[in-house]
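This report concerns only the one structure given below.
The values are calculated or read from the model by the stated rules, or taken from the named source; none is laboratory data. Quick caveat: nothing in here was measured; it's all calculated off a predicted structure. Cβ placement follows ideal geometry from the backbone for every residue including glycine, while neighbour counts extend to all protein chains displayed. Heavy atoms of the whole protein, side chains included, go into the accessibility calculation; ligands, DNA and RNA do not. Shrake-Rupley method; radii C 1.70, N 1.55, O 1.52, S 1.80 Å.
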Amino acid sequence: MVKSTSKDAQDLFRSLHSAYSATPTNLKIIDLYVVFSVFTALIQVAYMALVGSFPFNSFLSGVLSCIGTAVLAVCLRIQVNKENKEFKDLAPERAFADFVLCNLVLHLVIINFLG
Amino acid sequence: MMAGGLARFVVLILATAICGAASVFQPISDSHRSAALDVFAPVDGSYKSLDEAYEALKTLEILGIDKKSDLSSATCENVVKVLASPSSSTLKDVFYALSVNGILKCKSGEDVPKDIVSKLQTGVKDAKLLLDFYYSVRGLVLVKEQFSGTDISLGDAEAVFRSIKALSQSDGKWRYSPNNPESSTFAAGLAFETLAGVISLAPSEIDHSLIQTLKTGITKLFDSIQKYDDGTFYFDESEGPISTTASVIRGLKSFAASESTGLNLPGDRIVGLAKFFLGVGIPGDAKDFFNQIDALACLEDNRFSVPLILSLPSTVISLTKKEPLKVKVSTVFGSKAPALSVKLSQALSSGSKGSSVINNQELKFDAESATYFLESFPKNFDVGKYTFVFEILLDESANEKVYITEAQTKVPISATGAITIENAEIAVLDSDVGSVESQKKLDLTKDEAVSLSANHLQKLRLSLQLTTPLGHVFKPHQAFLKLKHESQVEHIFLVKTSGKKSELVLDFLGLVEKLYYLSGKYEIQLTIGDASMENSLLSNIGHIELDLPERPEKAARPPLQPTDPYSRYVPKAEISHIFRVPEKLPAKQLSLVFLGVIVLPFIGFLIGLTRLGVNIKSFPSSVGAATSALLFHGGIGAVLLLYVLFWVKAIGSVHDSKGTVFAGSVSVVRRTQNTVSPRSSIEQAEICLKDIYSSL
């Protein structure tokens, strides 16, 4: 049994980082976008925990807007990833258009639910 | 005797109620004249428009009220203005200016306004719509009447006649325009007036067969007439029954006046129409008032048949006063009828079916007051409600062509008299044996005459006999006995009439619960009232001392009596609605701080983008591609902007109009959203974004 140390962890992160830097820029942008929206959602959850959830539908729509767009971004990432052979017939432009359209529909609902 | 006064008042109210409900039609009287001054009072000395001025002036003229001098200066100014420059005003304005001029004589004499005549004549020539024909033809007729030095005639009168006739429908109604299939009775009235104008303006006689078909149309129009139960007839449509009926009558009057062979209209319908307008009463609306008076004026003076109206000054006959029954026959405006005789053919009693008390009795005529009256009633004429059936016969048969009367006029009459009350007795009986414990004769003219006492095992009996002047048993409409306890608790019992006697027996054993076990002094009050009873009464007979058992635990308590008896008519306390209390919002600063925190990830996102070295170098630079790319992004931006606007309620706001600009409606928003259909945006995306995407 090899004892796990902090060095192992560092190695792990380093290899992860080097592996990640090989990913194409467009996927990185999507990742960044996902991180951005998840953080926004987390801040809203923190606000609810600290202050209160009075306009509950506003809170719900705010969080769901972030989570929803993050999920959509993940879907976009799956579709535009060149290494994913399942979607190799699908043009990335088409995937992006789907993403935009789904976002519009999502936010139409959100705006109506916002109150 | 306050009670007696009250009783008399009740009778008066009942009598008035009966008179009000009866379908007796009175001719136009002074009450109409005084109401007209209110309804047609001008604002600041003039009327809003010429048509309103015409309606007011015409009504006042028909009613014989002279207000012309007060009104002429301001109104005449408008009339002269319109007549001086016909080119700048519509046909309708010219028509109403001429109509007002006909009454006020603002402009008259020999000098015919040539440009007005030419405007009206081109109006007739170019007209396609019924209203254009109406205004221009009637306008020409008015010019011909008002300016003596003219000889206006329609050269192609027959062609105009045919083109107006083309708007008629098979059921006698007319269309307003050749393109609109909807027909109307109101339009039919306008058309008759217009055609009458065409006939009077025609240089030579119009083809007789054309006029004949028009007459058949009028007969058909009368098939669509509607009827009320009291024998009134009217035409109804979207304009309202008064306007529609008035329009038809105006049309018929002008048509009958312009045409020589005479119009044969069903007489009962004409009388029914007159009764309809008289039955309206005094309308509060100026338009209705004008239509009523103008239509009645047309019926008063026309060439088909003038209706005669039978009216009664009073529909109540008092047998004690021996007053005669008075009947008046006049035209709708109350002017004198020709020589005629009035016959009371039947007097049907409402109680006994079918039997007539008076048969075929002719009424005497008093020339001075122009009243027909029946002096004496037969011996078997008793109090009660009757339906009198009158018949009017014209003395001279020549008048039968001019005047028209109803075949039979039915009038509800109530005969009143003094009712004798006999054998009025009040007694306390022993319940089980029925033997009389104490008995008192009642004198109902005196108050507080009786004092009785009883316990719960005894009965109270009130009996009396009511007879009419002829000795028949009289069954009053209301006969009540009221017991009133010292604590103001009241109980009302009905006195029933069976056989010859009116009797009420109160068995206190069965009533203890209803009386709430309240022992003590009760006041006794007797009410007898009827519309035909002249001596209706409300009398405090006296009092009774009741000895009732103790109240058991479970029995109901007497209801609390309000100190003021009228307080039960006072409005109830206002209901205050409870709304949900709004929840507490956090402090504004806190919310703003978190708003700032929310922006942080976005800034992080932007920094991350620059770190990754994102650029937009491959944004299309050729004109075509750049435009479509911009359009695509602009489209998405516009949709997002729309969302934001919707959220801040700048658009799509239906209920919130305060402080926000109403820039669109929900439907607009929906349509805008629909244009972003999935297919089109995907195609756009594929074309526009190819280059951008591959460069990333």
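Running Debye on the range B:340-393 with equal point scatterers at the Cα sites and no solvent, what base-10 log of I(q)/I(0) appears at q = 0.16, 0.19, 0.25 Å⁻¹?
Evaluating at q = 0.16, 0.19, 0.25 Å⁻¹ gives log10 I(q)/I(0) of -0.50, -0.67, -1.00.
How many percent of all Cα-Cα pairs in the range A:26-111 sit more than 20 Å apart?
Tail fraction, whole percent: 41.
Can you tell me the accessible area per residue over the protein assembly as shown, all protein chains present, probe 1.4 angstrom, in square angstrom?
Details: 44600 Å² over 811 residues.
With all protein chains present, the protein assembly as shown gives 55 Å² per residue.
Using only atoms on other chains, find how many Cβ atoms lie within 10 Å of each Cβ of peptide A:60-69 and report the average. Could the numbers behind the result be given before it?
Working: counts 0, 0, 1, 0, 0, 0, 2, 0, 0, 0.
Taking all residues of A:60-69 together, the mean is 0.
Could you tell me the calculated FRET efficiency between B:I282 and B:V43, based on Cβ-Cβ distance and R0 = 22 angstrom, to the nearest 0.05? If you can, show how the numbers build up before the last one.
Working: r = 21 Å, r/R0 = 0.95.
After rounding to 0.05, the efficiency reads 0.60.
Identify the GluC sites (Glu not before Pro) of the range A:7-115 meeting these criteria: DSSP loop state and at most 16 other C-beta atoms within 10 Å of the C-beta.
Values: sites: A:E83, A:E86, A:E93; in loops: A:E83.
Listed in order of number, the matching sites are A:E83.
Cα atoms only, the range B:395-450: Rg and Dmax in Å?
Spelled out, the Cα radius of gyration and Dmax of the range B:395-450 are 28.2, 80 Å.
Order B:K584, B:K321, B:K215, most accessible first, counting only protein heavy atoms with a 1.4 angstrom probe. If you can, show how the numbers build up before the last one.
Numbers: B:K584 185, B:K321 140, B:K215 30 Å².
Highest to lowest solvent-accessible surface, that is B:K584, B:K321, B:K215.
What whole number of Å gives the distance from the Cα centroid of the range B:507-546 to the Cα centroid of the range A:95-115?
If you average the Cα positions of each part, the centres end up 81 Å apart.
Starting at the first residue of the range B:291-296, write each ³J(HN,Hα) from the Karplus equation 6.51 cos²θ - 1.76 cosθ + 1.60 with θ = phi - 60°, in whole Hz, x for Gly and Pro.
For the range B:291-296, the Karplus curve yields 4, 4, 5, 5, 5, 5 Hz.
Go ahead and run the numbers for FRET between B:Q589 and B:R269, Cβ-Cβ distance against an R0 of 56 Å, rounding to 0.05.
Numbers: r = 83 Å, r/R0 = 1.48.
Once rounded, the FRET efficiency stands at 0.10.
For a quick check: with amide H placed at 1.01 Å from N, whose amide H comes under 5 Å from B:V306's, ignoring anything fewer than 5 positions away on the same chain?
For B:V306, whose amide H was placed from the backbone, the distant partners under 5 Å are B:Y403, B:I404.
Over the alpha-carbon set of chain B, divide Rg by the Kirkwood Rh and report the Rg/Rh ratio to two decimals.
Over the Cα atoms of chain B, Rg/Rh equals 1.19.
What FRET efficiency comes out for B:N423 versus B:K220 if R0 is 56 angstrom and r is the Cβ-Cβ distance? Round to the nearest 0.05.
Details: r = 67 Å, r/R0 = 1.20.
The value I calculate is 0.25.
Count neighbours as other Cβ atoms within 10 Å of each site's Cβ, and list the trypsin sites (Lys or Arg not before Pro) in the range B:103-210 that are DSSP loop with at most 12 such neighbours. Don't skip to the end; give the middle numbers.
Details: sites: B:K105, B:K107, B:K114, B:K119, B:K125, B:K128, B:R138, B:K144, B:R162, B:K165, B:K173, B:R175; in loops: B:K105, B:K107, B:K128, B:K173.
Sparse-neighbourhood loop trypsin sites (Lys or Arg not before Pro): B:K128.
Could you give the dipole magnitude of the range B:443-559 about its Cα centre, charging the beta-carbon of Lys and Arg +1 and that of Asp and Glu -1, in debye to the nearest 20?
On the way: 14 positive and 15 negative charges, 78 e Å.
It works out to roughly 380 debye.
Would you mind checking the pairs B:K68/B:K165; B:K328/B:K401; B:K227/B:K321; B:K385/B:K441; B:K173/B:K253; B:K58/B:K144 and listing those with alpha carbons more than 27 angstrom apart?
Numbers: B:K68/B:K165 38 Å; B:K328/B:K401 21 Å; B:K227/B:K321 38 Å; B:K385/B:K441 32 Å; B:K173/B:K253 17 Å; B:K58/B:K144 19 Å.
Result: B:K68/B:K165; B:K227/B:K321; B:K385/B:K441 exceed 27 Å.
Whenever you get a sec, line up B:D30, B:D207 from highest to lowest accessible area (probe 1.4 Å, protein heavy atoms). Mind showing how you got there, number by number?
On the way: B:D30 105, B:D207 60 Å².
Output order, biggest surface exposure first: B:D30, B:D207.
When the convex hull of the C-alpha atoms of the range B:165-262 is computed, what volume per residue in Å³ does it have?
Values: hull volume 10.0 nm³, N = 98.
Cα-based convex hull of the range B:165-262, divided per residue, equals 102 Å³.
Full extension from B:L393 to B:R557: what is 0.36 nm times the residue separation minus their Cα-Cα distance, to one decimal in nm? List each step's numbers first, then the result.
Working: separation 164, 0.36 × 164 = 59.04 nm, distance 6.93 nm.
Gain on stretching B:L393 to B:R557: 52.1 nm.
Got a sec to turn the phi values of the range B:338-349 into Karplus ³J(HN,Hα) couplings, 6.51 cos²θ - 1.76 cosθ + 1.60 with θ = phi - 60°, whole Hz, x for Gly and Pro?
So the J values, rounded to whole Hz, are x, 4, 7, 10, 10, 10, 8, 7, 8, 10, 8, 7.
What residues from the range A:44-77 fall in the zone where the backbone N is under 18 Å from a label point 7 Å along the Cα-to-C-beta line of B:I603?
Hits in the range A:44-77 for B:I603 at 18 Å: A:44.
If you wrap the range B:30-307's Cα atoms in a convex hull and average its projection over all directions, what's the area in nm²? All intermediate terms of the calculation are to be shown ahead of the outcome.
Values: hull surface 57.6 nm².
About 14.4 nm², averaged over all directions.
Excluding B:L104 itself, calculate the net charge of residues whose Cβ lies under 15 Å from the Cβ of B:L104, where each Lys or Arg counts +1 and each Asp or Glu counts -1. Intermediate values should be presented prior to the final figure.
Values: positive: B:K58, B:K67, B:K68, B:K81, B:K105, B:K107; negative: B:D51, B:E52, B:E55, B:E61, B:D66, B:D70, B:E77, B:E145.
Summing Lys/Arg as +1 and Asp/Glu as -1 gives -2.
What does the extension gain come out to for B:Q439 and B:S622, with contour length at 0.36 nm per residue minus their alpha carbon separation? Each step should come with its number before you reach the end.
Values: separation 183, 0.36 × 183 = 65.88 nm, distance 12.32 nm.
Value of the extension gain: 53.6 nm.
Ordering B:W174, B:W647 by how much accessible area each has at a 1.4 Å probe, largest first, what is the list? Show your work: numbers first, answer last.
On the way: B:W174 5, B:W647 130 Å².
My answer, sorted largest first, is B:W647, B:W174.
Provide Rg over Rh for the protein assembly as shown; use the alpha carbon set for both Rg and the Kirkwood Rh (inverse mean inverse pair distance).
The Rg/Rh ratio comes out at 1.22.
For the range B:515-582, compute the orientation-averaged projected area of the C-alpha convex hull (one quarter of its surface), in nm². Present the calculation step by step, with values, prior to reporting the outcome.
Values: hull surface 41.1 nm².
Across all orientations, the range B:515-582 yields a mean hull projection of 10.3 nm².
Taking 0.36 nm per intervening residue step and subtracting the Cα-Cα distance, what contour gain separates B:H633 from B:L612 on full extension? Intermediate values should be presented prior to the final figure.
Values: separation 21, 0.36 × 21 = 7.56 nm, distance 2.25 nm.
The span from B:H633 to B:L612 would gain 5.3 nm if fully extended.
What would the Debye equation give as log₁₀ I(q)/I(0) for the range B:279-398 at q = 0.14, 0.15, 0.19 Å⁻¹, counting only Cα atoms as equal point scatterers?
The computed values of log10 I(q)/I(0) come out as -0.74, -0.82, -1.08.
From the convex hull of the Cα coordinates of the range B:582-636, what is the mean projected area in square nanometres? Intermediate results must be reported in sequence, preceding the final value.
Working: hull surface 27.1 nm².
If I average the Cα hull's projected area over directions, I get 6.8 nm².
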